[in-house]
1. Could you figure out which of (1) over 21 Å from the mean Cα position of the chain (by Cα); (2) surrounded by fewer than 20 Cβ atoms within 10 Å (Cβ to Cβ) isn't true of residue 231?
2. Inspect the range 132-147 for any residue being touching a residue at least 12 places away in the same chain (Cβ under 8 Å) and part of a helix (DSSP H, G or I) and give the result as yes or no.
3. How about the range 67-93: which of its residues are over 21 Å from residue 210 (Cα atoms), modelled with pLDDT of 85 or more and either of a type in the set (Phe, Trp, Tyr) or surrounded by fewer than 17 Cβ atoms within 10 Å (Cβ to Cβ) (or both)?
4. Got at least one residue in the range 104-120 being of a type in the set (A, V, I, L, M), exposed (fewer than 11 other Cβ atoms within 10 Å of the Cβ) and more than 25 Å from residue 204 (Cα to Cα)?
5. Taking the range 151-180, which residues are closer than 30 Å to residue 21 by Cα and either of a type in the set (A, V, I, L, M) or over 19 Å from the mean Cα position of the chain (by Cα) (or both)?
6. Note down all Cβ pairs under 7 Å where the first residue falls in the range 37-51 and is under 15 Å from residue 191 (Cα atoms), the second is open to solvent by 40 Å² or more (accessible area, probe 1.4 Å) and among the basic types (Lys, Arg), and they're at least six residues apart or on different chains.
7. For the subset of the range 163-178 comprising residues that are out of contact with any helix residue (DSSP H, G or I) (no Cβ under 7 Å at 6 or more places or on another chain) and in contact (Cβ under 8 Å) with a residue 60 or more places away in the chain, which member is surrounded by the fewest Cβ atoms within 10 Å (Cβ to Cβ)?
8. Give me the pairs, please: first residue somewhere in the range 222-239 and modelled with pLDDT of 90 or more, second residue anywhere and exposed (fewer than 15 other Cβ atoms within 10 Å of the Cβ), beta-carbon distance under 7 Å, and either six or more positions apart or on two chains.
Amino acid sequence: ALLCEIFGISIEERLKTLPFMYWLPKKHYDPPKARFIITSSACRTKPLSKITSSIFKHIFNQVRNFHQKSYFYKNYNRFWVIENSSPIIEKLTRINGKKNAKDISTYDFSTLYTKLQHEDLIRNLNEIVDFAFSGGNEKKGGNRKYLTVTEFSTFWSKRKKGNNSFTKQDIKLLVSHLIKETYFQIGNLLFKQCIGIPMGIDPAPFWANLHLYAYEYKFIKLLMKTDKRKAMKFRYATRFVDDESSMKDGGGGLVENEK
């Protein structure tokens, strides 16, 4: 509530409550398992969560576009994140068209959201925020002042537009607050989440994708310096949140992410 006040964001009366936990059955297991989710559809952090989601959707798209247009490194795949099955189908079609399909590896994080360390998550997201504000070219000090969020769009601006504009320090504050200050209730008990991303929070998918991207990018960048041949084996690597696939990686090119 205090942070909403700082940013001049009003909270509706119906949102003046705490998140609560519910569970969904995972029926594809035998016997079925449970997935526990902290809902943020109606709570005090909802306005901040919604704004932060718009901000990180914009940053995610910028990072993706930066790599798509980096033609100098076109032989290396430094961004694995996909949002639907289309890229997988395109890659399969391309490989089959050359008649040299040999292998495919698939992996799954058994516990992704619930195992992420808060300090690591915040550090990686802050680095990506710095990168986005620099325009994707890693200039010191950057060349952008504000990320402005409206009802219909999110865009960069040189001037502050009321309470809708956020500096990179503002965004880092939002990230830290929404990750570290997560409280929820179960019955008449109050809990604080100390590890993992709250699964029901709006920016969670973007945070998870960008957090893992940070490690994937550093991994490929290091391979490009130490083992270019191995780095090229990841040209067809893709990841959809916690599901990973690599085609033509020579068999077992990826290390299993079962943690």
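1. (2)
2. Pass one, the range 132-147, residues touching a residue at least 12 places away in the same chain (Cβ under 8 Å): 132-133, 136, 142, 144-147.
Then drop every residue that is not part of a helix (DSSP H, G or I), which leaves 132-133.
Yes: the range 132-147 contains one or more residues that are touching a residue at least 12 places away in the same chain (Cβ under 8 Å) and part of a helix (DSSP H, G or I).
3. Here is the first cut: in the range 67-93, the residues over 21 Å from residue 210 (Cα atoms) are 71-72, 75, 89-93.
Retained after the next criterion (residues that are modelled with pLDDT of 85 or more): 89-93.
89, 90, 92, 93 - these are the residues of the range 67-93 that are over 21 Å from residue 210 (Cα atoms), modelled with pLDDT of 85 or more and either of a type in the set (Phe, Trp, Tyr) or surrounded by fewer than 17 Cβ atoms within 10 Å (Cβ to Cβ) (or both).
4. Here is the first cut: in the range 104-120, the ones of a type in the set (A, V, I, L, M) are 104, 112, 116.
Filter once more, keeping what is exposed (fewer than 11 other Cβ atoms within 10 Å of the Cβ): none.
Checking the range 104-120: not a single residue is of a type in the set (A, V, I, L, M), exposed (fewer than 11 other Cβ atoms within 10 Å of the Cβ) and more than 25 Å from residue 204 (Cα to Cα).
5. Just the residues of the range 151-180 that are closer than 30 Å to residue 21 by Cα, to begin with: 151, 170-180.
Answer for the range 151-180, where residues must be closer than 30 Å to residue 21 by Cα and either of a type in the set (A, V, I, L, M) or over 19 Å from the mean Cα position of the chain (by Cα) (or both): 151, 171, 173, 174, 175, 178, 179.
6. Going by the 7 Å Cβ cut-off, the qualifying pairs are 40/46.
7. Going through the range 163-178, the residues out of contact with any helix residue (DSSP H, G or I) (no Cβ under 7 Å at 6 or more places or on another chain) turn out to be 163-165, 167, 169-170, 173.
Narrowing the set further to residues that are in contact (Cβ under 8 Å) with a residue 60 or more places away in the chain leaves 163, 170, 173.
Numbers: 163: 13, 170: 18, 173: 16.
Step by step, filter the range 163-178, then rank; the result is 163.
8. The qualifying pairs are 223/230.
The values are calculated or read from the model by the stated rules, or taken from the named source; none is laboratory data. Computed from a predicted structure; not experimentally measured. Cβ: placed from backbone, ideal geometry, glycine included. Neighbour counts: every protein chain shown. For the accessible areas, the whole protein counts, side chains as well, though only heavy atoms, and no ligand, DNA or RNA atoms are used. Shrake-Rupley method; radii C 1.70, N 1.55, O 1.52, S 1.80 Å.
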